[in-house]
1. If I filter the range 84-92 for residues that are closer than 14 Å to Met33 by Cβ and out of contact with any helix residue (DSSP H, G or I) (no Cβ under 6 Å at 6 or more places or on another chain), do I get at least one hit?
2. Are any of the residues in the range 431-447 outside any helix (DSSP H, G or I) and not acidic (Asp, Glu)?
3. Kindly evaluate Ile306 against the criterion of being under 20 Å from Lys340 (Cβ atoms), surrounded by 17 or more Cβ atoms within 10 Å (Cβ to Cβ) and touching a helix residue (DSSP H, G or I) at 6+ places or on another chain (Cβ under 8 Å).
4. Exactly one condition in (1) in the same structural domain as Phe319 (by TED's automatic domain parsing); (2) acidic (Asp, Glu); (3) closer than 24 Å to Ile116 by Cβ is not met by Glu260; state its number.
5. Of everything in the range 1-45, what is closer than 25 Å to Phe59 by Cβ, surrounded by 14 or more Cβ atoms within 10 Å (Cβ to Cβ) and modelled with pLDDT under 60? Give them in sequence order.
6. Restricting attention to the range 340-355, which residues are part of a strand (DSSP E or B) and buried (at least 20 other Cβ atoms within 10 Å of the Cβ)?
7. How many of the residues in the range 281-320 are in a loop (DSSP other than H, G, I, E, B) and out of contact with any His (no Cβ under 8 Å at 6 or more places or on another chain)?
8. Report whether or not Leu196 is without any contact (Cβ under 8 Å) to a residue 60 or more places away in the chain and crowded, with 19+ Cβ neighbours inside 10 Å.
Amino acid sequence: MADVLLLNPKFPLGKQKWIIGGGSNRMYPPLDMAWICKILEKEKINFKLIDANINRYSFEQIESFLKEYDPKVVLLTSELYEQYRCFALRDERLSIHRRLIKLTKKILPKSKVILIGPHGTVLPNLIFQYSPDLDVIVRGEPEMISVELIKTLLKNKTLRKIDGISFKENNKIKHNKERQLLLELDKLSYPGYHVLEMDKYLFYRKKNSNVRSTILMSSRGCLFQCIYCFKKFMGNKFRTRSIKDIMKEIDLLYKQYKVEHISFYDDNFTTDKQRIIDLCRELKKRKYKLTWDAETRIEIVDEALIKLMAEAGCINILFGIESLIPAIQKTIKKFIDIKKINKVAKWCERYDVFPCMATQLGLPGDSWETIKRNLKVMKKLDIPIAPPLITTIYPTTQLYNAAKNAGFIQNDSFEDCIKASGLAMTKFKDRKEYFSALKYYHTKIARLNFKRNASSKNIIKKLERHGLKYVLMHGFRMLKKLFGVLGNE
């Protein structure tokens, strides 16, 4: 028996190429669920967490869990935690939780079903339409709201006073006001890892070897105004955890769970430069055999900071450069000094940090001509460029509103977002032309990267750093990728 059952659904496996080392069907721990469990534990609420995703449980197995634990409240998530910022729009995601909600209500008609995650946060009316058996949607940061909601449901009290939820009352959908962002993240602290089967998640490919790794959130929110970014979840206000609290989590992960690599899951890791300096100093003091990576922006790093990050174990930094066309940069509100891109890449390589420069195709104004202009600049820069991503249009973003005003989105639906993504306000006439352009762009970038890595200067660097075996192995893999033999790993 359990008063509350938290269920992480079984999502389709996918090739998550954005993970460093790439190409693995790996899964990160559901930190949203682990945070909620930790707070429920403090509140002395009886709960059970079922991770159907990592265990690949079938619907029949989930049905048996529902019968076994007979919960009063069932909490589901609509998306993997690490993909909250770039969530899947396709119906297969929605159909999973729709089926689970229907199953729960069939077995336990009196139980209340809660849905957390980005889908209900942006389009709650649509989610209720998809899943008429759903009782409550948590909008935005789920941890504190979910616990307050669960306590209220268990006491059978009114939901009208809980900010940040949408619910049904007398067959009508009610939307309570937005919840204030959690400003003091130390109140949340780190997730309840003890409720997770951590050994099942700790896998990471680095230099062709298996390394135990996980993700860690040290801050939330982004101060910048890029029109395509989905910020409804974490907001525009930059909020941080204390260095002391972050180091408690790192100590736990390293000592108890033997984690060897951490991916910092922050919007812009180096927003507060002094915070990163302090964190790196603490990491250096520990002398852990620990590597890590992070995401940030070109304009908020300098050489001294990159050097310190490298000394503290950083091996990879993801920078979003998106487009190198000034007119497009102006449109998307992301102004980047091209000279600074080159400097940052050189600084990273100087200290053996891989600079991953992320690009997109499908931004307003994109065309065959902008692809060629981007490639021309990339060639001059001589820096490693990541394969272009499809510009995805998420509800509530500035790009979504622009696409809607321009007539590319007719209805507030995920289906319309999918149809408009990559095409809205570009010069590609249809999806066939767009994907032809994307393939061309992808191939050209791959060739630029190959030529760069195959240069005598870079081969010598890699020989000095990694040895002959590494260079021969990775050179062969690059050749196979370039000529399409390897395909999806």
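1. For the range 84-92, residues closer than 14 Å to Met33 by Cβ and out of contact with any helix residue (DSSP H, G or I) (no Cβ under 6 Å at 6 or more places or on another chain): absent.
2. Restricting attention to the range 431-447, the residues satisfying the condition of being outside any helix (DSSP H, G or I) are none.
Within the range 431-447, not a single residue is outside any helix (DSSP H, G or I) and not acidic (Asp, Glu).
3. Working: under 20 Å from Lys340 (Cβ atoms): yes; surrounded by 17 or more Cβ atoms within 10 Å (Cβ to Cβ): yes; touching a helix residue (DSSP H, G or I) at 6+ places or on another chain (Cβ under 8 Å): yes.
Yes; evaluated as a whole, the condition is true for this residue.
4. With (1) in the same structural domain as Phe319 (by TED's automatic domain parsing); (2) acidic (Asp, Glu); (3) closer than 24 Å to Ile116 by Cβ applied to Glu260, the lone miss is (3).
5. Gln16
6. To start, the set of residues in the range 340-355 that are part of a strand (DSSP E or B) comprises 354-355.
The one that is part of a strand (DSSP E or B) and buried (at least 20 other Cβ atoms within 10 Å of the Cβ): Pro355.
7. As a first pass, look at the range 281-320 and keep what is in a loop (DSSP other than H, G, I, E, B): 287-290, 297, 301-302, 312-313.
Filter once more, keeping what is out of contact with any His (no Cβ under 8 Å at 6 or more places or on another chain): 287-289, 297, 301-302, 312-313.
Within the range 281-320, residues that are in a loop (DSSP other than H, G, I, E, B) and out of contact with any His (no Cβ under 8 Å at 6 or more places or on another chain) number 8.
8. Details: without any contact (Cβ under 8 Å) to a residue 60 or more places away in the chain: no; crowded, with 19+ Cβ neighbours inside 10 Å: yes.
Judged against the criteria, Leu196 is not a match.
The values are calculated or read from the model by the stated rules, or taken from the named source; none is laboratory data. Everything quoted here is computed from the prediction, not taken from an experiment. Counting neighbours? That spans all protein chains shown, and the Cβs are built from the backbone with ideal geometry, glycine included.
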